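A short write-up of the structure that comes next.
The values are calculated or read from the model by the stated rules, or taken from the named source; none is laboratory data. Just so you know, these numbers come straight off a predicted model, no measurement behind them. Every residue, glycine as well, gets a Cβ built from its backbone with ideal geometry; the counts of neighbours run over all protein chains shown. All accessible areas refer to the heavy atoms of the entire protein, side chains included, with ligands and DNA or RNA removed. Shrake-Rupley method; radii C 1.70, N 1.55, O 1.52, S 1.80 Å.
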Amino acid sequence: MQNNTFSTLFVGQNLIKLKEVDSTNNFLKNLVSKSEPLVEGTVIMADHQFAGRGQQDSVWQTQEGKNISTSIYLKPSFLPLKKQFYLNMAVSLAVSDALCCFIPQGIMVKWPNDIYYLDKKLGGILIENTLTGSTFKSSVIGIGLNVNQSEFAESISGRATSVIQILQKEVPLMDIMDKIFIFIEKYYLILRAGKFSILQNDYLTKLYNYGIASLYKHNGGIFEGTIEGVEDNGRLKVDTKNGLKIFNFKEIEFIHTK
């Protein structure tokens with residue numbers, strides 16, 4: 001454990017740095033499961049994450065020392081279960097606002113958990129919650145961002161990007177981490193204050209394809225629809241020629257035509 005100079009009240013003040021780990025989320029969840037209490041805001045950061053995971057166990061690939069692979073421990077016991085997606089909103093807004101300090105335009109949040117620059121993926125978020133009855137006990141917030149990785153595997157190079165590809169220069173990982181932690185605290189305090197309308201409105205302003213007629217895939221078929229919003233539980237509301245449709249995670253796929 002290390003004390004750090006992050007400009008925060010609690011997020012990142014207890015930082016555990018690892019050279020290599022299968023998944024920062026797994027490592028942090030193992031810490032949480034032990035009997036010794038873990039301080040809220042604890043952060044795990046790894047130089048190399050060799051088995052990072054995305055939503056529903058999709059694989060997150062990263063080059064050693066080039067990108068951000070981090071997990072944050074929070075205890076949102078104040079949050080009603082029916083509004084659990086607002087934690088996702090808060091974290092997504094925090095990461096996008098942090099990136100906007102370096103990349104002023106083009107940063108968007110792609111539902112439900114991706115960070116985009118224009119039409120390419122810049123990073124992803126994985127939130128894993130532990131419940132006690134009907135109350136949140138803890139949340140492990142995993143964040144992966146492509147920062148100084150200039151090349152990607154051919155299979156994903158057409159749909160992935162990085163900060164160095166966008167800016168044509170390296171950015172210190174800790175500079176971006178500091179901004180992420182600052183904005184995590186900002187939006188987490190908004191969440192704790194129950195100001196859900198602020199989070200909803202800010203999230204929609206950042207939402208990729210919001211209010212834009214676009215193509216989507218569902219059950220093997222392609223249709224045109226317009227995202228109208230996101231429900232409290234995270235389901236996506238899409239207006240189609242057959243009326244308003246509601247989609248859960250992994251039930252709808254964005255079709256990129258560019």
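Under 17 Å of direct C-alpha separation, and excluding same-chain neighbours fewer than eight residues apart, Lys120 reaches these lysines: Lys110, Lys206, Lys258.
Evaluated with a Cβ-only charge set (Lys, Arg +1; Asp, Glu -1), the range 14-206 carries a dipole of roughly 620 debye about its Cα centre, given to the nearest 20. Can you list the lysines whose alpha carbon is less than 21 Å from that of Lys34, not counting same-chain residues fewer than 8 positions off? Output for Lys34: Lys17, Lys75, Lys137. Normalise the Debye intensity by I(0) for the chain, one equal point scatterer per Cα, no solvent, then take log10 at q = 0.09 Å⁻¹ and round to two decimals. For the chain, the Cα-only Debye profile gives -0.39.
Taking the Cα centre of the range 107-258 as origin and assigning +1 to Lys and Arg Cβ atoms and -1 to Asp and Glu Cβ atoms, the resulting dipole is close to 240 debye. Cross-link check: pairs Lys195/Lys250; Lys169/Lys245; Lys66/Lys237 evaluated at a Cα-Cα cut-off of 32 Å; pairs beyond the cut-off: Lys169/Lys245; Lys66/Lys237. The orientation-averaged shadow of the Cα convex hull for the range 205-258, equal to a quarter of the hull surface, comes to 3.9 nm². Based on Cα contacts under 8 Å between residues 6+ apart, the chain shows a relative contact order of 17 percent. Amide H contacts under 5 Å for Leu18: Met45, Ala46, Asp47, restricted to partners 5 or more places along the chain or on a different chain, H placed in the peptide plane at 1.01 Å from N.
Report note on the peptides 139-149, 24-34, 164-174, 109-119: ranked by the mean count of other C-beta atoms within 10 Å, highest first, their order is 139-149, 109-119, 24-34, 164-174. Distance between the 7 Å Cα→Cβ label points at Lys19 and Leu38: 2.2 nm.
For the range 144-153, 3J(HN,Hα) computed residue by residue from phi via the Karplus equation (6.51, -1.76, 1.60; θ = phi - 60°) reads x, 9, 7, 10, 10, 8, 8, 10, 10, 4 Hz, glycine and proline entered as x. Principal axis extents of the C-alpha atoms in the range 88-211 (largest first, rounded to whole Å): 45, 28, 28.
Distance in nm between label sites at Glu154 and Leu81, each 7 Å beyond Cα in the beta-carbon direction? Label at Glu154, label at Leu81, 4.8 nm between them. Model label points for Lys241 and Asn219, set 7 angstrom from Cα along the Cα-to-Cβ axis, are 1.7 nm apart. Of the solvent-accessible surface of the chain, computed with a 1.4 Å probe over protein heavy atoms with every protein chain present, carbon and sulfur atoms account for 47 percent.
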